[in-house]
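Working notes for the structure below.
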Amino acid sequence: MSNDKKSDSLEPEEIRSTGSPLTAKRGPRTDGAASSVDVGSLSTKKPQGFFEERSLPEIEMTGRRLRYLARRDFLLFGAGAVAALAAGGFLLPQETLSRLGVRRNMDSPGKEWFLNKALRIDDDVAEALYSGTRRVPTYTKSQITPLKNNYNGATPDPGYISGWNLSVDGLASGLSISLDLRNLMAGFSIHEQTTRLVCVEGWSAVAWWAGLRFEDLLRAFPPMSQAKWARVESSVNLDASGNPDPYFMSLDLATARHPQTLLATHFNGQPLTVDHGAPLRLLVPAKLGLKNVKAITRITYLAEEPSDYWAERGYSRYDGI
């Protein structure tokens, strides 16, 4: 009977216990026993992990201090917003500012200098990331998409094709050579690739191209030793009114030597049409579409970076993707 009562009296204590068999006992403890409980509880506490959530500290602050900080933050935010608006207004085109009601002419040499510096940084990053061993993605012919005629201006009349030839200057030989389409087709291997053409306007298209590698032309007719750039131009380009408007572009020779840079003669299995730059166009998948000159008539190798049609109009020069 006494054992049963002892058992009954322990059950409520065990239910109320924290799980430690020592804390479930109600009897008196010696100093030694108390010491052992303390050590046990300390040894089971885990150190807080680096990524574990920590409790936020309590901060006491007077109402006066809180109002001061709120007013200060509001003034700083307002000053930052005004500065951002002023900087944005400085960079916007004058035509846009006029539509917004700003009549003061904000075009200045300082503005042009700042924008040119920003473009130059973008070019420097793209050039630093370039690698001759990195290839742009290629696609299957089932992934071909429509490619629109995106001439800068009017599409030239095909009458020029019969008298077309390619002039190459700045050679190590000191000579200037002229090649017609038959020379190009007979003297070089033809390579095919299906790649994406990316336009600065925001659209892109996948097409099947064929032609000779620019690198093969460089090997057959080496440029002068100090050459680092090629000026690629089309004398048959027209402006929107149909008047002659020669198109010219700068291309670094490192990109010209890339295995995917072609002097294309065919588009989607057929000879180039006038819409796509017949009879010879530059195809540089590692560059934006504005570098892919249609109807090339001259290539000139130079030691210094040549002028560029769109760079003269405020666009970037390198235009890598």
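At a glance:
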read-out	value
Search result, residues across the stretch 257-290 that are small (Gly, Ala, Ser) and either without any contact (Cβ under 8 Å) to a residue 60 or more places away in the chain or open to solvent by less than 10 Å² (accessible area, probe 1.4 Å) (or both)	Ala264, Gly277, Ala278
Filter result for Ser178 (among the small types (Gly, Ala, Ser), in a loop (DSSP other than H, G, I, E, B), at pLDDT 95 or above and open to solvent by 30 Å² or more (accessible area, probe 1.4 Å))	no
Residue list for the stretch 111-150, restricted to those being modelled with pLDDT of 70 or more, open to solvent by 50 Å² or more (accessible area, probe 1.4 Å) and under 13 Å from the mean Cα position of the chain (by Cα)	Ile121, Asp124, Val125, Glu127, Ala128, Leu129, Tyr130
Of the criteria (1) aliphatic (A, V, I, L, M); (2) assigned to a helix (DSSP H, G or I); (3) surrounded by 19 or more Cβ atoms within 10 Å (Cβ to Cβ), which one Ala254 fails	(3)
Hits in the stretch 291-321 (condition: part of a loop (DSSP other than H, G, I, E, B), open to solvent by less than 30 Å² (accessible area, probe 1.4 Å) and more than 27 Å from Thr273 (Cβ to Cβ))	Pro306, Ser316, Tyr318
Test result for Pro259, more than 31 Å from the chain's Cα centre (by Cα), part of a loop (DSSP other than H, G, I, E, B) and closer than 30 Å to Ser142 by Cβ	no
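Matching residues to (1) crowded, with 18+ Cβ neighbours inside 10 Å; (2) within 34 Å of the chain's Cα centre (by Cα); (3) of a type outside the set (Asp, Glu); (4) over 24 Å from Glu305 (Cα atoms):
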{"site": "Val168", "(1), (2), (3), (4)": "yes, yes, yes, no"}
{"site": "Gly174", "(1), (2), (3), (4)": "no, no, yes, no"}
{"site": "Ala186", "(1), (2), (3), (4)": "no, no, yes, yes"}
{"site": "His191", "(1), (2), (3), (4)": "no, yes, yes, yes"}
{"site": "Trp203", "(1), (2), (3), (4)": "no, yes, yes, yes"}
{"site": "Val206", "(1), (2), (3), (4)": "yes, yes, yes, yes"}
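The values are calculated or read from the model by the stated rules, or taken from the named source; none is laboratory data. Note that the coordinates shown come from a computational prediction; the quantities given were computed from them, not determined experimentally. Please note: Cβ atoms are built from the backbone with ideal geometry, for glycine as well, and neighbour counts cover all protein chains shown. When the accessible area is computed, the model is the full protein with side chains, heavy atoms only, and any ligands, DNA or RNA have been set aside. Shrake-Rupley method; radii C 1.70, N 1.55, O 1.52, S 1.80 Å.
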